[in-house]
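The values are calculated or read from the model by the stated rules, or taken from the named source; none is laboratory data. The shown structure was predicted, so the numbers you read here are calculated from the model rather than taken from an experiment. All Cβ positions, even for glycine, are placed from backbone atoms using ideal geometry, and neighbour counts span all protein chains on display. Note: areas computed on protein heavy atoms with side chains; ligands, DNA, RNA excluded. Shrake-Rupley method; radii C 1.70, N 1.55, O 1.52, S 1.80 Å.
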Amino acid sequence: MTLSIVPYGHPALRAKGRRIENIDARIRALANEMLETMYAAEGVGLAAQQVGLPVQLCVIDVKGVKDRPSTLRIADQVVEIAEHMPLVLINPEIEPFGKPETGVEGCLSFPGVRSDVTRPAGVLVRAQSLDGEMLEFEAGGLLARAIQHEHDHLHGILFIDRVSAAERERIEAEILDGADRV
Ligand code: ZN
């Protein structure tokens with residue numbers, strides 16, 4: 001079953017996610033429905049806030065993106081991305097590192113909107129898996145960007161908060177313009 005993705009303006013997008021204490025059947029079902037929803041919408045990431053539930057859960061899958069490389073290191077070993085996708089991250093904590101890089105981002109809560117966003121090139125991630133296992137890994141490239149974007153969502157932060165005031169005005173005008181046409 002796919003879930004409805006809430007658009008920009010919905011209060012859930014500004015809510016900090018509650019920590020998940022019990023990874024129960026309800027959370028497992030939610031994660032699976034979020035994956036299905038993300039694939040149906042052709043996104044590379046989705047946070048629980050985007051389906052209206054402010055909890056610390058996000059899903060990511062970058063393996064289908066060929067033109068924007070990602071890297072993944074587990075216990076200092078470079079591993080094959082495809083073997084570790086999709087990622088379901090519960091209560092993730094991140095430490096971004098490396099020099100800032102600018103790249104284009106979109107968001108399933110902002111249909112049709114794209115903007116350049118500058119973020120650190122890499123990220124160290126600690127999170128729980130759907131099995132309750134502790135995950136620890138380092139990501140680079142598109143995966144590092146996607147994780148930082150989703151981690152922001154879990155804290156009520158949106159990519160438009162990370163662009164210039166002028167760019168944000170342009171995006172908000174574009175959204176209003178789109179709304180007028182509907
Ligand atoms: Zn997003």
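Would you pick out the residues in region 80-95 that are closer than 23 Å to Lys16 by Cα and surrounded by fewer than 16 Cβ atoms within 10 Å (Cβ to Cβ)? Matches in region 80-95: Glu93, Glu95. The residue of region 63-120 that is farthest from the ligand (Cβ to nearest atom), among those that are basic (Lys, Arg) and more than 24 Å from Val163 (Cα to Cα), is Arg73.
Among the residues making up region 36-50, those that are in a helix (DSSP H, G or I) and within 13 Å of Val62 (Cβ to Cβ) are Met38, Tyr39. Return a yes/no flag: does region 137-145 have any residue that is without any contact (Cβ under 8 Å) to a residue 60 or more places away in the chain and surrounded by fewer than 17 Cβ atoms within 10 Å (Cβ to Cβ). No, region 137-145 contains no residue that is without any contact (Cβ under 8 Å) to a residue 60 or more places away in the chain and surrounded by fewer than 17 Cβ atoms within 10 Å (Cβ to Cβ).
Just to verify a result, which residue in region 146-166, among those that are within 16 Å of the ligand (Cβ to nearest atom) and open to solvent by 20 Å² or more (accessible area, probe 1.4 Å), is farthest from the chain's Cα centre (by Cα)? Ranking the qualifying residues of region 146-166, first place goes to Val163. Kindly indicate the residue of region 115-126 that is open to solvent by 30 Å² or more (accessible area, probe 1.4 Å) and in contact with a helix residue (DSSP H, G or I) (Cβ under 9 Å, 6 or more places away or on another chain) and also farthest from Pro100 (Cα to Cα) among those meeting that condition. So the residue we want is Asp116. Within region 79-108, residues that are of a type in the set (Ser, Thr, Tyr) reach partners that are open to solvent by 40 Å² or more (accessible area, probe 1.4 Å) with beta carbons closer than 7 Å, at six or more positions or on different chains, in the pairs Thr102/Asp116; Thr102/Thr118. Do you know which of the residues in region 12-33 that are surrounded by 14 or more Cβ atoms within 10 Å (Cβ to Cβ) and free of Cβ contacts under 8 Å to residues at least 40 places away in the same chain is nearest to Cys107 (Cα to Cα)? Looking at the filtered set, the residue picked out is Glu33. Evaluate region 61-76: report whether one residue or more is under 16 Å from Asp152 (Cα atoms) and surrounded by fewer than 18 Cβ atoms within 10 Å (Cβ to Cβ). No, because not a single residue in region 61-76 is under 16 Å from Asp152 (Cα atoms) and surrounded by fewer than 18 Cβ atoms within 10 Å (Cβ to Cβ). Residue-level analysis places Gly9 among those that are open to solvent by 20 Å² or more (accessible area, probe 1.4 Å), part of a loop (DSSP other than H, G, I, E, B) and within 16 Å of the ligand (Cβ to nearest atom).
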